[in-house]
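Only one structure is covered here, and it is reproduced in the block below.
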Amino acid sequence: MQQVPPRLDPVAQEEVNVLAAKIAVLQERKQALTNEAFHVQYSILTLQSRIAQINNETLPIARLPSDVLAIIFEESRCLLNQWPGPRRPLPIEVQLSHVCSRWRQVALSTPSLWTAIRIPILHKETAVRSYFQRCKQCPLDIHIGP
(Lines give C-alpha, C1' and ligand atoms only; values in the text may rest on other atoms or scores of the structure.)
Protein backbone atom coordinates (compact mmCIF):
# COMPACT_ATOMS: atom_id res chain seq x y z
CA MET A 1 0.00 0.00 0.00
CA GLN A 2 1.38 3.42 -0.98
CA GLN A 3 1.48 6.17 1.55
CA VAL A 4 0.16 9.54 0.56
CA PRO A 5 2.43 12.38 1.73
CA PRO A 6 0.81 14.32 4.52
CA ARG A 7 -0.90 17.55 3.56
CA LEU A 8 0.62 20.74 4.86
CA ASP A 9 -1.28 22.83 7.28
CA PRO A 10 -2.56 26.11 5.80
CA VAL A 11 0.20 28.25 7.37
CA ALA A 12 2.99 26.00 6.03
CA GLN A 13 1.30 25.78 2.62
CA GLU A 14 1.09 29.59 2.46
CA GLU A 15 4.81 29.87 3.27
CA VAL A 16 5.66 27.33 0.55
CA ASN A 17 3.59 29.31 -1.95
CA VAL A 18 5.32 32.58 -1.00
CA LEU A 19 8.78 30.95 -1.27
CA ALA A 20 7.91 29.40 -4.66
CA ALA A 21 6.78 32.81 -5.94
CA LYS A 22 10.04 34.40 -4.73
CA ILE A 23 12.01 31.66 -6.49
CA ALA A 24 10.11 32.32 -9.74
CA VAL A 25 10.82 36.07 -9.50
CA LEU A 26 14.52 35.43 -8.84
CA GLN A 27 14.74 32.99 -11.76
CA GLU A 28 13.21 35.59 -14.09
CA ARG A 29 15.66 38.20 -12.78
CA LYS A 30 18.55 35.78 -13.26
CA GLN A 31 17.50 35.19 -16.88
CA ALA A 32 17.19 38.93 -17.51
CA LEU A 33 20.66 39.53 -16.02
CA THR A 34 22.11 36.70 -18.12
CA ASN A 35 20.63 38.26 -21.26
CA GLU A 36 21.98 41.68 -20.28
CA ALA A 37 25.43 40.21 -19.58
CA PHE A 38 25.41 38.62 -23.04
CA HIS A 39 24.53 41.96 -24.67
CA VAL A 40 27.18 43.79 -22.63
CA GLN A 41 29.82 41.22 -23.63
CA TYR A 42 28.79 41.53 -27.28
CA SER A 43 29.10 45.33 -27.05
CA ILE A 44 32.54 45.04 -25.46
CA LEU A 45 33.73 42.71 -28.23
CA THR A 46 32.32 45.02 -30.90
CA LEU A 47 34.12 48.02 -29.42
CA GLN A 48 37.37 46.08 -29.03
CA SER A 49 37.12 44.98 -32.64
CA ARG A 50 36.68 48.57 -33.77
CA ILE A 51 39.71 49.66 -31.70
CA ALA A 52 41.80 46.92 -33.33
CA GLN A 53 40.54 47.99 -36.77
CA ILE A 54 41.50 51.62 -36.10
CA ASN A 55 44.93 50.55 -34.85
CA ASN A 56 45.46 48.32 -37.89
CA GLU A 57 44.56 51.16 -40.25
CA THR A 58 47.41 53.26 -38.85
CA LEU A 59 50.09 50.65 -39.56
CA PRO A 60 52.41 51.31 -42.53
CA ILE A 61 51.33 48.13 -44.31
CA ALA A 62 47.73 49.42 -44.31
CA ARG A 63 48.83 52.22 -46.62
CA LEU A 64 49.86 49.79 -49.35
CA PRO A 65 47.49 49.74 -52.30
CA SER A 66 45.54 46.51 -52.67
CA ASP A 67 47.28 45.59 -55.94
CA VAL A 68 50.70 45.87 -54.25
CA LEU A 69 49.47 43.80 -51.32
CA ALA A 70 48.22 41.18 -53.80
CA ILE A 71 51.68 41.01 -55.40
CA ILE A 72 53.24 40.52 -51.97
CA PHE A 73 50.74 37.74 -51.26
CA GLU A 74 51.54 36.04 -54.56
CA GLU A 75 55.29 36.26 -53.89
CA SER A 76 54.93 34.92 -50.35
CA ARG A 77 52.87 32.03 -51.72
CA CYS A 78 55.67 31.23 -54.17
CA LEU A 79 58.33 31.52 -51.48
CA LEU A 80 56.43 29.54 -48.87
CA ASN A 81 54.91 26.98 -51.22
CA GLN A 82 56.16 23.96 -49.32
CA TRP A 83 54.32 20.90 -48.21
CA PRO A 84 53.14 21.52 -44.67
CA GLY A 85 55.07 19.82 -41.89
CA PRO A 86 53.87 17.36 -39.30
CA ARG A 87 51.57 19.91 -37.67
CA ARG A 88 49.92 20.53 -41.05
CA PRO A 89 49.38 24.29 -40.84
CA LEU A 90 46.93 25.97 -43.15
CA PRO A 91 48.19 26.88 -46.64
CA ILE A 92 49.69 30.37 -46.85
CA GLU A 93 46.78 31.72 -48.90
CA VAL A 94 44.35 30.67 -46.18
CA GLN A 95 46.59 32.12 -43.45
CA LEU A 96 46.79 35.43 -45.32
CA SER A 97 43.01 35.54 -45.65
CA HIS A 98 42.66 35.20 -41.86
CA VAL A 99 44.81 38.18 -40.81
CA CYS A 100 42.25 40.98 -41.06
CA SER A 101 39.23 41.94 -43.11
CA ARG A 102 41.26 43.93 -45.65
CA TRP A 103 43.74 41.12 -46.19
CA ARG A 104 40.85 38.70 -46.55
CA GLN A 105 39.25 40.91 -49.19
CA VAL A 106 42.55 41.22 -51.09
CA ALA A 107 43.33 37.50 -50.80
CA LEU A 108 39.87 36.43 -51.94
CA SER A 109 40.00 38.80 -54.88
CA THR A 110 43.40 37.48 -56.03
CA PRO A 111 42.56 34.35 -58.05
CA SER A 112 46.20 33.37 -58.57
CA LEU A 113 46.51 32.63 -54.84
CA TRP A 114 43.94 29.86 -55.13
CA THR A 115 45.39 27.83 -58.00
CA ALA A 116 47.13 25.03 -56.07
CA ILE A 117 45.10 22.32 -54.38
CA ARG A 118 47.05 20.00 -52.10
CA ILE A 119 45.55 16.66 -51.25
CA PRO A 120 45.22 15.32 -48.55
CA ILE A 121 45.71 18.73 -46.92
CA LEU A 122 42.53 20.04 -48.51
CA HIS A 123 40.68 16.76 -48.59
CA LYS A 124 37.42 18.33 -47.50
CA GLU A 125 35.04 18.83 -50.38
CA THR A 126 34.06 22.31 -49.19
CA ALA A 127 37.71 23.44 -49.23
CA VAL A 128 38.21 22.11 -52.75
CA ARG A 129 35.02 23.86 -53.91
CA SER A 130 36.26 27.13 -52.38
CA TYR A 131 39.52 26.87 -54.31
CA PHE A 132 37.61 26.18 -57.55
CA GLN A 133 35.47 29.28 -56.99
CA ARG A 134 38.33 31.53 -55.90
CA CYS A 135 40.78 30.66 -58.69
CA LYS A 136 38.23 31.97 -61.23
CA GLN A 137 39.76 31.38 -64.71
CA CYS A 138 43.35 30.75 -63.53
CA PRO A 139 44.82 27.33 -64.31
CA LEU A 140 44.76 24.89 -61.40
CA ASP A 141 47.59 22.73 -60.05
CA ILE A 142 46.45 19.72 -58.08
CA HIS A 143 49.11 18.08 -55.91
CA ILE A 144 48.55 14.68 -54.40
CA GLY A 145 51.02 13.83 -51.70
CA PRO A 146 51.56 12.67 -48.15
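The values are calculated or read from the model by the stated rules, or taken from the named source; none is laboratory data. Since the structure is predicted, the reported quantities are computational estimates derived from the model, not experimental observations. Cβ sites come from the backbone with ideal geometry, for glycine too, and all protein chains shown count toward neighbours. Only protein heavy atoms, including side chains, enter the accessible area calculation; ligands, DNA and RNA are left aside. Shrake-Rupley method; radii C 1.70, N 1.55, O 1.52, S 1.80 Å.
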Check: Between ALA52 and ILE72, what FRET efficiency follows from the Cβ-Cβ distance if R0 is 25 Å, with the result rounded to 0.05?
Finding: 0.70
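Using R₀ = 25 Å, calculate the FRET efficiency as 1/(1 + (r/R₀)^6) where r is the Cβ-Cβ separation of ILE61 and SER109; round to 0.05. Before the final figure, lay out each step's value.
Numbers: r = 17 Å, r/R0 = 0.69.
With R0 = 25 Å, the Cβ-Cβ based efficiency is 0.90.
When the solvent-accessible surface of protein heavy atoms is calculated with a 1.4 angstrom probe, in what order do ARG129, ARG104, ARG118 fall, highest first?
Values: ARG129 135, ARG104 90, ARG118 20 Å².
I get ARG129, ARG104, ARG118, largest accessible area first.
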Next item on the list: Give me the angle, in degrees from 0 to 90, between the Cα long axis of helix 125-134 and the longest principal axis of the Cα atoms of the chain, rounded to the nearest 10.
Entry: 50 degrees
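So for the chain, what percent of the C-alpha to C-alpha distances run longer than 20 Å?
67 percent
Summing -39500 (n - 2.57) over the DSSP H runs of n ≥ 4 in the chain and dividing by its residue number, what mean residue ellipticity at 222 nm do you reach, to the nearest 500 deg cm²/dmol?
Details: 5 runs with 86 residues, N = 146.
The per-residue figure over the chain is -20000 deg cm²/dmol.
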Next item on the list: For the chain, set up a Gaussian network in which alpha carbons nearer than 10 Å are linked by springs, and say which option among GLN31, GLN13, GLN95 fluctuates the most.
Entry: GLN13
Next item on the list: Just tell me which lysines come within less than 30 Å, Cα to Cα, of LYS30; anything on the same chain fewer than 8 places away is out.
Entry: LYS22
